[in-house]
Amino acid sequence: MKYLVPIALCALLMFSAGYPQTDTTQLPGKDVTFPIDSSRLKKLEISFSGGTSDPYLPEDFHDNWKKGWNAGMGVGLSFAPGQIGYGSVLFNVNVNRFAFDYVKYRASLTQKYITTSRNPSWMVDAMLHFRGTFTPLPYVQPYFLVGIGYLHYSQGDITVTGPTPLTIAGESNSTFAWDAGVGLTIPVVAGVSIFGEAKSLIGIATFTRQYFPISGGIRYQFVY
């Protein structure tokens, strides 16, 4: 189930690439829509999103933390359309929170009659993305997304009380990260659209952390 959304979006990307593209615009105060010179189009955008994040690596991150939530915002610039779509450069910042799974962690311990306490894990990523958007379909615009950037990871102590008390120190680290994903944009009205996307993000320099954010949101675009 975890990989169903990315697989479906990839299929739509490949399916849509073979269709021709048409660019139209509307004169202010006029009701006539007609083809335009798409080489003159650029769009500044602002987006807001939220969704769920699934922990994956390392093993204890996957086993001892629940699926969390994410929230983010981004700014970007979309360049002139070509034959099958257009490219965008984006800067996105996202916050991800994962709650500690007390039940699963206690089950992994050999001692009984214990209590555990743990702060949630937080992931903050700041990524520079390239987005390739295909626009052959009038109401659905599939895209792919790749990026590099910064990931900060923090978590509190694990404290176990019982016959054998135990404390596992928390940690706070920053590292280089990269991600890749696919998504869909659906225009709503002029300059406003909604979108959904699924990504895989991994931090790989000073430590390894990987998770799968799935999010949706709203995007505002300004043509100039």
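Is it fair to say residue 181 is touching a His at 6+ places or on another chain (Cβ under 8 Å) and part of a strand (DSSP E or B)?
Against the criterion (touching a His at 6+ places or on another chain (Cβ under 8 Å) and part of a strand (DSSP E or B)), residue 181 does not qualify.
Which numbered condition in (1) more than 19 Å from residue 142 (Cα to Cα); (2) touching a residue at least 60 places away in the same chain (Cβ under 8 Å); (3) of a type outside the set (Phe, Trp, Tyr); (4) in contact with a Pro (Cβ under 8 Å, 6 or more places away or on another chain) is the only one that residue 55 fails?
Of everything listed in (1) more than 19 Å from residue 142 (Cα to Cα); (2) touching a residue at least 60 places away in the same chain (Cβ under 8 Å); (3) of a type outside the set (Phe, Trp, Tyr); (4) in contact with a Pro (Cβ under 8 Å, 6 or more places away or on another chain), residue 55 misses just condition (4).
For the stretch 185-196, check the following and say yes or no: at least one residue is in contact (Cβ under 8 Å) with a residue 40 or more places away in the chain, of a type in the set (A, V, I, L, M, F, W, C), over 30 Å from residue 111 (Cα atoms) and touching a Ser or Thr at 6+ places or on another chain (Cβ under 7 Å).
Taking every residue of the stretch 185-196 in turn, at least one turns out to be in contact (Cβ under 8 Å) with a residue 40 or more places away in the chain, of a type in the set (A, V, I, L, M, F, W, C), over 30 Å from residue 111 (Cα atoms) and touching a Ser or Thr at 6+ places or on another chain (Cβ under 7 Å).
Every residue, every condition in (1) under 16 Å from residue 133 (Cβ atoms); (2) buried (at least 19 other Cβ atoms within 10 Å of the Cβ); (3) acidic (Asp, Glu); (4) within 11 Å of the chain's Cα centre (by Cα), yes or no:
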{"site": "170", "(1), (2), (3), (4)": "no, no, no, no"}
{"site": "177", "(1), (2), (3), (4)": "no, yes, no, no"}
{"site": "180", "(1), (2), (3), (4)": "yes, no, no, yes"}
{"site": "202", "(1), (2), (3), (4)": "no, no, no, no"}
{"site": "207", "(1), (2), (3), (4)": "no, no, no, no"}
{"site": "211", "(1), (2), (3), (4)": "no, yes, no, yes"}
{"site": "223", "(1), (2), (3), (4)": "yes, no, no, no"}
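Modelled with pLDDT under 95, outside any strand (DSSP E or B) and not aliphatic (A, V, I, L, M), is that true of residue 187?
In short, no.
Given 16, 39, which one is over 21 Å from residue 148 (Cβ atoms), open to solvent by less than 60 Å² (accessible area, probe 1.4 Å) and at pLDDT below 95?
16
What do you reckon, is residue 184 buried (at least 16 other Cβ atoms within 10 Å of the Cβ) and in contact with a Lys or Arg (Cβ under 8 Å, 6 or more places away or on another chain)?
In short, no.
The values are calculated or read from the model by the stated rules, or taken from the named source; none is laboratory data. Quick caveat: nothing in here was measured; it's all calculated off a predicted structure. Note: ideal-geometry Cβ built from the backbone for every residue, glycine included; neighbour counts use all protein chains shown. We work out accessible area using only protein heavy atoms, side chains counted, and drop any ligands, DNA or RNA first. Shrake-Rupley method; radii C 1.70, N 1.55, O 1.52, S 1.80 Å.
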